[in-house]
Amino acid sequence: MKNLYINTRFFFTLIGVGVLYVLAFFFPVLMWGAHIALLICFLAAMVDYLLLFNQKNALQAQRILPEKLSNGDENFVKIDIKNNYNFKINTRIIDEIPFQFQKRDFSIEKR
């Protein structure tokens, strides 16, 4: 299975469906609503999975940097990312910078 990072929104939605099932125990009219909500959650997750992992080479990334890095000067590091999806995505780039540079929280968020 591919790397899949599930957002907390998905778990909160499943908790909501669970609460709906508990309420359906006391009010049987809600049972169909709970079934439909669970089906919608399942279908949305499957569509999301297929959109993300059905395409080959959907994201391409390349890091461009000089041969030697200097500890005392600014170093130019370029990260090129190409999105081959048919839709926009939100990304978080987490690059492992060497510990000698003493920057532990390096992250770039882009749309």
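The values are calculated or read from the model by the stated rules, or taken from the named source; none is laboratory data. Being a predicted model, the structure only gives us computed values, none of them experimental. Cβ placement follows ideal geometry from the backbone for every residue including glycine, while neighbour counts extend to all protein chains displayed. Surface accessibility is based on the protein's heavy atoms, side chains included, excluding ligands, DNA and RNA. Shrake-Rupley method; radii C 1.70, N 1.55, O 1.52, S 1.80 Å.
Values computed for the structure shown
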{"read-out": "Criterion: touching a helix residue (DSSP H, G or I) at 6+ places or on another chain (Cβ under 9 Å) and either open to solvent by less than 100 Å² (accessible area, probe 1.4 Å) or among the hydroxyl-bearing types (Ser, Thr, Tyr) (or both) - qualifying residue of Ile36, Ile81, Ile6", "value": "Ile6"}
{"read-out": "Residue check, Leu50 open to solvent by 90 Å² or more (accessible area, probe 1.4 Å), at pLDDT 85 or above and within 18 Å of Ile6 (Cα to Cα)", "value": "yes"}
{"read-out": "Only one of Ala61, Ala37 that is touching a residue at least 12 places away in the same chain (Cβ under 8 Å), under 23 Å from Thr91 (Cα atoms), not β-branched (Val, Ile, Thr) and not in a loop (DSSP other than H, G, I, E, B)", "value": "Ala61"}
{"read-out": "Residue in region 75-84 that is modelled with pLDDT of 80 or more, under 23 Å from the mean Cα position of the chain (by Cα), assigned to a loop (DSSP other than H, G, I, E, B) and more than 27 Å from Phe12 (Cβ to Cβ) present", "value": "yes"}
{"read-out": "Filter result for Leu59 (within 22 Å of Glu109 (Cα to Cα), under 14 Å from the mean Cα position of the chain (by Cα) and surrounded by 10 or more Cβ atoms within 10 Å (Cβ to Cβ))", "value": "yes"}
{"read-out": "Considering residues of region 41-58 that are touching a helix residue (DSSP H, G or I) at 6+ places or on another chain (Cβ under 9 Å) and aliphatic (A, V, I, L, M) only, the residue nearest to Ile89 (Cα to Cα)", "value": "Ala58"}
